[in-house]
1. From the label point of B:Leu7, set 7 Å from Cα along Cα→Cβ, how far away are the matching label points in the other copies, in nm, ordered shortest to longest?
2. Quick one: label points 7 angstrom along Cα→Cβ at A:Lys47, distances to the other copies in nm, smallest first?
3. Over 10 Å intervals from 0, what percent of Cα-Cα pairs in segment B:1-86 sits in each interval?
4. Of all trypsin sites (Lys or Arg not before Pro) in segment B:13-76, which ones are in loop regions per DSSP and have a Cβ with at most 11 other Cβ atoms within 10 Å?
5. What residues have an amide H closer than 5 Å to that of A:Leu4, excluding those fewer than 5 places away on the same chain, when H is modeled at 1.01 Å from N in the peptide plane?
6. Mind scanning A:Lys6/B:Lys3; A:Lys6/A:Lys47; B:Lys6/B:Lys44; B:Lys3/B:Lys47 and naming the pairs with a C-alpha gap bigger than 19 Å?
7. In a shell of Cβ-Cβ distance under 15 Å around A:Ala68, excluding A:Ala68 itself, what net charge do Lys and Arg (+1) and Asp and Glu (-1) give?
8. For B:Ile74, what residues show an amide H to amide H distance below 5 Å, using hydrogens built from the backbone and excluding near sequence neighbours?
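Coordinate-derived values only; no laboratory data. Nothing here was measured: the structure is a model prediction, and the numbers come from that model. For neighbour counting, all protein chains shown are included, and Cβ atoms are generated from backbone atoms with ideal geometry for every residue, glycine included.
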There are 2 protein chains.
Amino acid sequence: MLKLSKLTDYAAVVMAQIARHPEHPHAAPELADAVMLPHPTVSKTLKMLVRAGLLTSLRGSQGGYRLARPASQITASDIIAAIEGPVAMTECSHADGDCELVGNCGVADNWQRVSLAVRTLLDGVTLAHLAQSAPIKLPVQLPIQSVTLAASAEG
Amino acid sequence: MLKLSKLTDYAAVVMAQIARHPEHPHAAPELADAVMLPHPTVSKTLKMLVRAGLLTSLRGSQGGYRLARPASQITASDIIAAIEGPVAMTECSHADGDCELVGNCGVADNWQRVSLAVRTLLDGVTLAHLAQSAPIKLPVQLPIQSVTLAASAEG
DNA sequence: CGCATACAGGACTAAAATGGTCCCCAATGA
DNA sequence: TCATTGGGGACCATTTTAGTCCTGTATGCG
């Protein structure tokens, strides 16, 4: 499936909700009601987003959560990384290769490239895009493909 | 993490192994030894790949597994789908939207577009690419980003 | 025919990740 | 001082994942 976890999905929804009204802080229960998700779970998600530096929090009455920076500077990668850790498609996609199969698998290097391409793609999608009601249009799909294929076809 | 499951990873490794010697059939134990993974697990993976139509099998002595079509016509998406089901980043990324939050989440449409872009990217990576010892080069990363951003910045 | 080889299918178990809840503490502001 | 609101983490139930094993079936060969 290559699926995001539910919490990541929640995080995106909640972030989008905040992004639509960035001025004042949003309390956790308010957000939970707005997106129709269980309060404790939303709260948990918010805490993770704060720790990742995507949100800032204000305690006390009239407190709540706000975006740490403009929505256009928060990417899908950021949100995913906040909940699930850095985007990496395989164990050996991140630096500390604790995969003892290197040498036998002969696929690691290429998976890492694919992983990088996916990450780059997700870096290009910002919270501003996700939050806008009009769907983002991906007018051309093939260029992505051709970029990926370009050099490999020669190799 | 947006990570592939281990089985998917195994599948890719095993497929690559077969792709490097496409002529004769490969028995499950032989493959397991070659890639240094437990026999039963490799066997299970192979069965899934057969059911997905990516491999064909021959029973009896001298039997084993072969690619169902040329490595250049088997994509990363195919392999992932064979083990994990169709690539989709969120529940609502596939057609039968059993997500009752539509309307509140306001993110679904855009996630679907992102999902599609990732899938397209993975469609562009073939087993031939993965199997080759020389790493595939992704010379330009930014174009992927700019394609994604292009229309959305206008929207 | 009989037997060894090799895949097919699925049941089953153990371990890990996930999703979700709850509790107590700390900070803020009226 | 007290109500409000987030911070941190423990905790549990469920699901998913990984891995094993067993029984059946097809093929090829002597």
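1. 2.4
2. Between copies, matching label points for A:Lys47 lie 4.2 nm apart.
3. Spelled out per bin, shortest first, that is 18, 57, 23, 2, 0.
4. B:Arg59
5. The answer is B:Thr90.
6. B:Lys3/B:Lys47
7. +2
8. Counting only residues 5 or more places away or on other chains, the set is B:Leu127, B:Ala128.
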